[in-house]
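The values are calculated or read from the model by the stated rules, or taken from the named source; none is laboratory data. Not measured: the values here are computed from a predicted model. Don't worry about glycine lacking a Cβ; one is built from the backbone with ideal geometry, like all the others, and counts go over all protein chains shown.
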Amino acid sequence: MKKNCNRNVSFKKRALCIFAGSLLILPGSLNAETYRSHQVRKGETLSEVLYLYNLTPIYGRNGQLAKALVLNPHLKSSHGNFIRPFTWIRLPIATEEAPLSAIEESRSVSSEPISVSVPEERSENSAKAFSLWEVEGGFSYLALHGVDPIDGTRGDLLSEVSPSVAVRWKQVWSESFRSSLFLKLQSYQIEPEASGLTLDKAQGALSSFGLGVESDLTSRLLAKVDIAFSQTLFYRGLSGGGLEIFKTPLLKLAPQVEYVFLEKQPFAFSVLGGGSVLFPSSYDSVTIDGGYEFEGALKITQLVREKTHFYCKLGYRERHQNMSILDLIEKEMGGFCGLSWEAFRD
């Protein structure tokens with residue numbers, strides 16, 4: 001009678017049977033691949049490659065682009081915007097794939113044959129630069145706290161809700177380096193905290209413009225520096241009583257870092273922090289010393305589609321700057337949302 005692994009067999013024999021069975025099953029499990037490989041051709045984008053293999057839908061929380069970024073962590077910093085020609089990437093396997101013959105036929109339609117032995121230096125620079133537009137809008141509250149350096153008297157001014165809009169043009173030069181030009185407009189309406197105090201020029205608009213550079217230090221850490229001419233609010237007492245609100249342009253150097261602490265495609269959660277150096281200025285007969293400010297924000301970004309992102313952030317900013325007549329602290333808290341999309345490709 002043939003022996004099998006049933007209850008009547010001893011414990012040792014049953015253990016041997018289980019072990020032998022696992023050896024038969026294990027190789028098949030190890031060889032089961034959850035991805036396929038693709039060599040990037042010149043001019044291809046990640047979304048085009050996914051379409052080529054019939055990997056749809058591409059966008060969304062459970063889209064194939066999000067799955068491809070999980071399989072290729074080195075593409076996360078650019079959200080798949082840059083894939084280098086002649087390199088290999090991993091693609092998810094769909095339940096129904098395009099026939100391999102159709103894929104090869106589609107690939108053969110493109111330009112000249114490609115040699116696999118292209119130097120790595122060439123593939124580093126093969127990705128084309130492109131431009132992005134970014135538009136941001138939001139609302140914030142401002143507070144100005146002034147202290148007279150002579151007698152120590154204090155005055156507090158508060159703002160109504162201050163809407164703002166900003167436009168930024170960004171040139172993406174490589175997978176990790178970008179430069180930008182920006183313009184921001186913000187309206188304000190200031191009111192005294194104490195009743196009965198009159199204000200002159202209590203409402204108006206502020207503008208700032210400048211340029212910036214940014215670089216991905218790692219897949220989760222971004223560093224950037226902005227240089228801007230920014231109109232900034234101050235106030236002073238009037239000889240006839242009351243206060244005058246005035247604004248003057250300041251040169252500002254603003255380094256900032258952004259760290260992505262959680263990624264759950266198509267969303268990324270990050271924290272921003274930075275400080276600014278404010279250069280001296282003057283207004284009428286008032287001397288304005290150099291100052292500093294610091295800021296922080298929480299941000300959530302959604303990948304809408306390739307090279308298109310939507311984000312919202314909640315931030316706080318505080319400025320310290322002294323004048324010959326007043327030591328001033330400005331505080332701002334607000335919420336902002338923005339959208340960025342590809343403008344054109346070089």
**Request:** Would you please name the residue that is surrounded by the most Cβ atoms within 10 Å (Cβ to Cβ), looking only at residues in the stretch 48-68 that are in contact with a strand residue (DSSP E or B) (Cβ under 9 Å, 6 or more places away or on another chain) and of a type in the set (Val, Ile, Thr)?
**Result:** Val49
**Request:** Report, by residue number, each residue of the stretch 269-286 that is surrounded by 13 or more Cβ atoms within 10 Å (Cβ to Cβ) and at pLDDT below 90.
**Result:** Tyr283, Val286
**Message:** Regarding the stretch 327-345, can at least one residue be identified that is touching a His at 6+ places or on another chain (Cβ under 8 Å), at pLDDT 95 or above, part of a strand (DSSP E or B) and within 25 Å of Gly63 (Cα to Cα)?
**Reply:** yes
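Residue by residue, here is whether (1) modelled with pLDDT of 90 or more; (2) closer than 29 Å to Phe261 by Cβ; (3) within 27 Å of the chain's Cα centre (by Cα) holds:
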{"residue": "Ser187", "(1), (2), (3)": "yes, no, yes"}
{"residue": "Thr198", "(1), (2), (3)": "no, no, no"}
{"residue": "Ser207", "(1), (2), (3)": "yes, no, yes"}
{"residue": "Gly210", "(1), (2), (3)": "yes, yes, yes"}
{"residue": "Glu214", "(1), (2), (3)": "yes, yes, yes"}
{"residue": "Phe229", "(1), (2), (3)": "yes, no, yes"}
**Asked** Can Gly80 be described as at pLDDT 65 or above, under 24 Å from the mean Cα position of the chain (by Cα) and at positive phi?
**Response** yes
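With respect to Ser230, is the statement that it is touching a Gly at 6+ places or on another chain (Cβ under 9 Å), surrounded by 19 or more Cβ atoms within 10 Å (Cβ to Cβ), in contact (Cβ under 8 Å) with a residue 24 or more places away in the chain and among the polar types (S, T, N, Q) true?
Numbers: touching a Gly at 6+ places or on another chain (Cβ under 9 Å): yes; surrounded by 19 or more Cβ atoms within 10 Å (Cβ to Cβ): yes; in contact (Cβ under 8 Å) with a residue 24 or more places away in the chain: yes; among the polar types (S, T, N, Q): yes.
Taking the combined requirement at face value, the residue satisfies it.
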**Asked** When residues of the stretch 43-75 are filtered for being hydrophobic (A, V, I, L, M, F, W, C), at pLDDT below 80 and in a helix (DSSP H, G or I), how many remain?
**Response** 1
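Pick out the one residue from Glu263, Glu295 that is closer than 26 Å to Tyr141 by Cα, in contact with a Leu (Cβ under 9 Å, 6 or more places away or on another chain), of a type in the set (Asp, Glu) and surrounded by 14 or more Cβ atoms within 10 Å (Cβ to Cβ).
On the way: Glu263 fails: closer than 26 Å to Tyr141 by Cα.
Every option except Glu295 fails the conditions.
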